[in-house]
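A.B. asks: Got a structure for you, written out below as structure tokens; questions coming shortly.
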Amino acid sequence: MLFNSFEFLLFLPIVFGLYWLVGKSHRWQNITVFIASHVFYAWWDWRFCFLLLFTSLMTYFIGLGIEQSEGKRKLQKWLSATNIIVNVGILGIFKYFNFFAESFAELFSAFGIHFDSFTLQLILPVGISFYTFQALGYSIDVYQHKIKATHDIFSFMAFISFFPQLLAGPIERASNMLPQYQKKRSFDYTLAVDGCRQILYGVFKKMVIADNLAAVVNTAWDSLNDLSGFALLVYAFAYSMQIYSDFSGYSDISIGIGKLFGIRIMQNFNYPYFSRNIPDFWRKWHISLMKWFQNYIYFPLGGSRCSKWKVIRNTFIVFAVSGLWHGANWTFVVWGLYHALIISVFIFFGLKSKYIDAESAKQLPSLKVFGQMVLTFVLATFGWIIFRADNFTLFAEYVSKLCSPSIFTISDFEGKSILAASFLLLVWEWLMRKRIHGLQLANHGLLKYKVCRIVLYYTILMLIFHEAGKNVQFIYSQFCTTKEPTLYNSLIISTYKIGKRKRVTIWLLLKFPGLP
């Protein structure tokens, strides 16, 4: 079940209603989350619920074992290592076994040694990269005495499997999330309404911007030989906006749903395309993943508190692992190393990479800051070409066209309207850059008037309604599943009354089977 599926858009209001109706204590709220999350997961393939349960239960009991083995450091180390080995082993078998088996076979073939590679016919469990990392972070934090092991099994199970995060994060730390599950949540009308706005903004970015860009970008990559360098340059920009709108849109939906349930999930994107260099870009892009790598790989390797060459080594290791985490393909690894190389230049020459945003109060950036942002965007966009290419041959073909004289010849290209819309999205986000998401509109220009906000919300709803019906999957979900989602195109409004006066309304786009 995906966010843009018919089943989910019925599932969410049902779970929302049950959660607040039975929520007389945090225990019942957590049980509701636990059951709902496993129903959500089972909808994709019920057999993998056993894998999710195994990871959750093993991590929970190992956490208790580490706590009860206080003073027996060697035993604690073995327990922690067991959890890491088993969880990484499961992830490796499902996601990377075939990749490495085929890679080794190709490597030996280059030396004239030929043998048949053994591969497994496995379906990659949805979300396994995300919930595995969340479980690993918990057990490592318990081992390092950063948090205490939880004895409330339903709090822990809700933390691991909370359905808004299950498919594509954000990857949360137990120190932030577990305390929220260990106390009763009271309905917060203001938070819930803000969550609805954030969901609406995320759905807009996904369905109106990303999905339309996907059609243009996919066509371009399928016909590289027929396009000029100039057209491919335009489509490189299009893919940069597609992947941002797609993944940040998912994160907005996830965080917004969390707010409906009184759960605060960390910000995962902080307007990364306004970064002034690549190190700054990685502080603002997929924040939860990069913090995970920072806490559990970079810092244990020595972080920045070692020699310059070791810091560079640590950077390359983190980004190589990050690339491989994104998918079982060498292009992802090279994409990670490309960013590591750029960041290493900053480390080696001691260049400034952190800025206090002096331009934040200005409507327009200075020429210097604007130039820095454009250069960073160009470097990130080149990286996305590596990321998008299925193999190095396609990447080389794309880059050769970019380097050909045809890049200076302005030629026709498809998708002008959606490219213009994606540029306007950048302008909008620049105006909203000091806010958590793009629809936090109170006291902002004309939008401080309620009627203007309502017009904007319904305009966005109509745009989404117009685009519904396309079968375009979330990009990051594609790293976890091969199933196609279904999008729906009818409108239902579900209103819940909470208490005597407050109410919250959820707008859902649906398509009933058999209807056009």
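A.B. asks: Out of the residues in the stretch 91-101 that are among the hydrophobic types (A, V, I, L, M, F, W, C) and crowded, with 17+ Cβ neighbours inside 10 Å, state the one that is farthest from Ile62 (Cα to Cα).
C.D. replies: Once the filter is applied, the top-ranked residue is Phe94.
A.B. asks: For the stretch 108-125, give me the residue count where each residue is at pLDDT below 75, surrounded by 10 or more Cβ atoms within 10 Å (Cβ to Cβ) and either of a type in the set (A, V, I, L, M, F, W, C) or touching a Ser or Thr at 6+ places or on another chain (Cβ under 8 Å) (or both).
C.D. replies: Number of matching residues: 3.
A.B. asks: Of everything in the stretch 153-202 that's under 30 Å from Thr459 (Cβ atoms) and of a type in the set (Phe, Trp, Tyr), which residue is surrounded by the fewest Cβ atoms within 10 Å (Cβ to Cβ)?
C.D. replies: Tyr189
A.B. asks: Next question. Scan the stretch 128-147 and tell me whether some residue there is part of a loop (DSSP other than H, G, I, E, B) and in contact with a helix residue (DSSP H, G or I) (Cβ under 6 Å, 6 or more places away or on another chain).
C.D. replies: There is at least one residue in the stretch 128-147 that is part of a loop (DSSP other than H, G, I, E, B) and in contact with a helix residue (DSSP H, G or I) (Cβ under 6 Å, 6 or more places away or on another chain).
A.B. asks: When residues of the stretch 51-82 are filtered for being assigned to a loop (DSSP other than H, G, I, E, B) and either touching a helix residue (DSSP H, G or I) at 6+ places or on another chain (Cβ under 9 Å) or charged (D, E, K, R) (or both), how many remain?
C.D. replies: The total comes to 3.
A.B. asks: Moving to a separate point now. Here is a check on your reading of the model: is Phe104 under 17 Å from Ile160 (Cα atoms), free of Cβ contacts under 8 Å to residues at least 24 places away in the same chain and either under 23 Å from the mean Cα position of the chain (by Cα) or assigned to a helix (DSSP H, G or I) (or both)?
C.D. replies: Criteria not met by Phe104.
A.B. asks: Scan the stretch 131-158 and report the pairs whose first residue is touching a residue at least 60 places away in the same chain (Cβ under 8 Å) and whose second residue is in a loop (DSSP other than H, G, I, E, B) and among the β-branched types (Val, Ile, Thr), with Cβ atoms within less than 8 Å and a gap of 6+ or a chain change.
C.D. replies: Phe133/Ile171; Gly137/Ile171; Tyr138/Ile147; Phe156/Thr150
A.B. asks: Go through the residues of the stretch 438-448 one by one and say whether even a single one is closer than 30 Å to Pro365 by Cα and modelled with pLDDT of 90 or more.
C.D. replies: Yes: the stretch 438-448 contains one or more residues that are closer than 30 Å to Pro365 by Cα and modelled with pLDDT of 90 or more.
A.B. asks: Is it the case that the stretch 2-13 has a residue that's more than 24 Å from the chain's Cα centre (by Cα) and in a helix (DSSP H, G or I)?
C.D. replies: Looking for residues that are more than 24 Å from the chain's Cα centre (by Cα) and in a helix (DSSP H, G or I), one finds none in the stretch 2-13, hence no.
A.B. asks: Also: Which residue out of Trp325, Trp292, Trp335, Trp330 is among the aromatic types (Phe, Trp, Tyr), under 24 Å from Tyr96 (Cβ atoms) and surrounded by fewer than 17 Cβ atoms within 10 Å (Cβ to Cβ)? Let's see the steps before the verdict.
C.D. replies: Working: Trp325 fails: surrounded by fewer than 17 Cβ atoms within 10 Å (Cβ to Cβ); Trp292 fails: surrounded by fewer than 17 Cβ atoms within 10 Å (Cβ to Cβ); Trp335 fails: surrounded by fewer than 17 Cβ atoms within 10 Å (Cβ to Cβ).
Among Trp325, Trp292, Trp335, Trp330, only Trp330 is among the aromatic types (Phe, Trp, Tyr), under 24 Å from Tyr96 (Cβ atoms) and surrounded by fewer than 17 Cβ atoms within 10 Å (Cβ to Cβ).
A.B. asks: For the stretch 383-437, how many residues are in a helix (DSSP H, G or I), among the β-branched types (Val, Ile, Thr) and closer than 30 Å to Leu456 by Cα? Spell out the reasoning first.
C.D. replies: Of the residues in the stretch 383-437, the ones in a helix (DSSP H, G or I) are 383-388, 392-402, 405-408, 416-431.
Next, only the ones that are among the β-branched types (Val, Ile, Thr) stay: 385-386, 393, 399, 407, 418, 427.
If we keep only those that are closer than 30 Å to Leu456 by Cα too, we end up with 418, 427.
The qualifying residues number 2.
A.B. asks: Further, regarding this structure: Can you give me the number of residues within the stretch 230-268 that are surrounded by 23 or more Cβ atoms within 10 Å (Cβ to Cβ), closer than 30 Å to Thr409 by Cα and under 15 Å from the mean Cα position of the chain (by Cα)?
C.D. replies: Total meeting the criteria: 5.
A.B. asks: Given the residues Tyr296, Tyr273, which is the only one that is under 17 Å from the mean Cα position of the chain (by Cα), more than 30 Å from Leu12 (Cα to Cα), of a type in the set (Ser, Thr, Tyr) and not in a loop (DSSP other than H, G, I, E, B)?
C.D. replies: It is Tyr273.
A.B. asks: Give me the helices (runs of 4 or more DSSP H) completely within the stretch 165-232, filtered to those with at least 1 residues that are touching a Leu at 6+ places or on another chain (Cβ under 9 Å), ordered by residue number.
C.D. replies: Ranges flagged: 189-203, 211-222.
The values are calculated or read from the model by the stated rules, or taken from the named source; none is laboratory data. Computed from a prediction, not measured in an experiment: that's the story for all the values here. In this analysis, Cβ positions are derived from the backbone assuming ideal geometry, glycine residues included, and neighbour counts consider all displayed protein chains.
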